[in-house]
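First comes the structure, then the notes that go with it.
The values are calculated or read from the model by the stated rules, or taken from the named source; none is laboratory data. Predicted, not measured: the structure shown is a model, and the values here were computed from it. All Cβ positions, glycine included, derive from the backbone under ideal geometry; neighbour counts span all protein chains shown. Heads up: the accessible areas ignore ligands, DNA and RNA and are worked out on the full protein's heavy atoms, side chains in. Shrake-Rupley method; radii C 1.70, N 1.55, O 1.52, S 1.80 Å.
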Amino acid sequence: MLFWTLYRYEFKKIFSHRIKLLILLAIAAFLFIVSAQRYFSDPSEQQSWKAEQSLDGRIMDENFFTEMREAFDQEESGLWYFATLYARKVFRYNESQSIFHSSEEQEEWTEDTFYETRKRVIDEFADAFYLTREEREYWDEMEESNPKPFIYRSTTDVQNLRDTYQFTMTITCLLIAVFLSGSFAGESEDKTDSLIYSSKCGHKYAVATKLIAGCTFSLAIGIMMLLMTHIPVAIFGGIHGLDAPWYMVMPFSVMPVKAWKMLLLHTVVYLLGCILTGLLVMMLSLLFDRSMAAAGTVFALILCDLFGSVPTHMRVLSQIRYLTPISVLLNSNVPDMRLTKLCGTNLISFQTGPLLYSLCGLLLVIITARIFRRRYCWKNNSRR
């Protein structure tokens, strides 16, 4: 009974200012509109998406690329528009990325050239990530397990879902920082912390209730924001292509896995990232004893994550830096090929990340409880 009383109190404190609730609803509506507008901004693209689905099941052989070349000058509403975009990501990769290799002209787009170019770019990625020989052998085995020629699948809806994760993760982290920055510091700023320190429930109940309420809020707001970006795709697009191979979504991926499984890993990373952010904000709120300092620190960390970088030749440091939730969910055609070996099993970043977040979350809980205990005991002793 006491726990639920404190639990409800924490949630009332989170939504104590009506302006925060209005901001939350406004941002949720904004994400919904941004996710939905792509289905209404250009009618020709909508026609092209519907036409593209008729290509599902086509073998990407020489006949496939011959028809694609012949339809080169078609409009955006044409049958081959999105298939051409997929092929262009491989043939003209160097036009938008730093890794260099010669572009193939449209007239030279053939079956053999497509798979040879794709393999060459993947090898360049392996060099850029400074992969070990064991990692290269692992990815070579994965690539050999992918049957060729590929079977074309329409994955526009899946790509739209994938593209929303990083932006949604960033917005959600900012919201969590704003709402939870006063979880501990708020009482000190309002001069009501002495009530907690003198409460019969003790520091264990107080810390546990705050942490559980904060994690619940972080998870709930994460789910809410994710739904705001996924529901429009489900309503207006139908989420076609969930059973397609992931290399039809990311052309340079060699993972022999279905799209729905990778999206599930994206969701796990996203939700655990929300909980981890909530725990970090609450720890900083207690540590600094100032709401603005806690929120400002998280804002600075997010900016560093978005715009900072570590050279890939610094293998260990760069791999750790790119395991943050925002970086793992990065919208890029370059798959992170670096592996983490655990108990004889090779793990990709989408598997390593959740394990790391769980350990870091547990560490933050321990640190927060220890800081609170010391401060609680100190205030008790100072009054004696």
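Here are the numbers:
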quantity	calculated
Of LYS119/LYS148; LYS119/LYS341; LYS148/LYS341; LYS89/LYS119; LYS89/LYS341; LYS119/LYS261, pairs whose Cα-Cα distance is over 20 Å	LYS119/LYS341; LYS148/LYS341; LYS89/LYS341; LYS119/LYS261
Pairwise label distance in nanometres, ASP140 with ALA29, each label 7 Å out on the Cα-Cβ vector	5.8 nm
Among 174-184, 154-164, 247-257, the order from most to least packed when residues are scored by Cβ within 10 Å on average	174-184, 154-164, 247-257
Rounded percent of accessible protein surface that carbon and sulfur make up, the chain, 1.4 Å probe	63 percent
Tail beyond 17 Å, pair distance distribution of segment 267-384 (Cα, percent)	64 percent
Linear extension gain, GLN53 paired with ARG69, 0.36 nm per residue minus alpha-carbon span	3.9 nm
Residue with peak Gaussian network fluctuation, the chain [Cα springs, cutoff 10 Å], from PRO245, PRO311, PRO354	PRO311
Sum of -39500 (n - 2.57) over DSSP H runs of 4+, divided by residues of the chain (222 nm, nearest 500)	-22000 deg cm²/dmol
Segment 118-182, dipole about Cα centre (Lys/Arg Cβ +1, Asp/Glu Cβ -1), debye to the nearest 20	320 debye
Dipole moment magnitude, nearest 20 debye, the chain about Cα centre, only Lys, Arg, Asp, Glu C-beta charged	3760 debye
Interatomic Cα distance distribution for the chain, bins of 20 angstrom, percent	25, 48, 22, 5, 0
Theoretical gain in end-to-end length, CYS343 to ASP61 [0.36 nm per residue, Cα-Cα removed]	97.5 nm
Most mobile of LEU364, LEU21, LEU287 in a GNM of the chain (Cα contacts under 10 Å)	LEU21
More than 19 angstrom apart: percent of Cα pairs within segment 195-300	62 percent
Shape of segment 121-185, Cα gyration tensor, a/c cut at 1.5	oblate
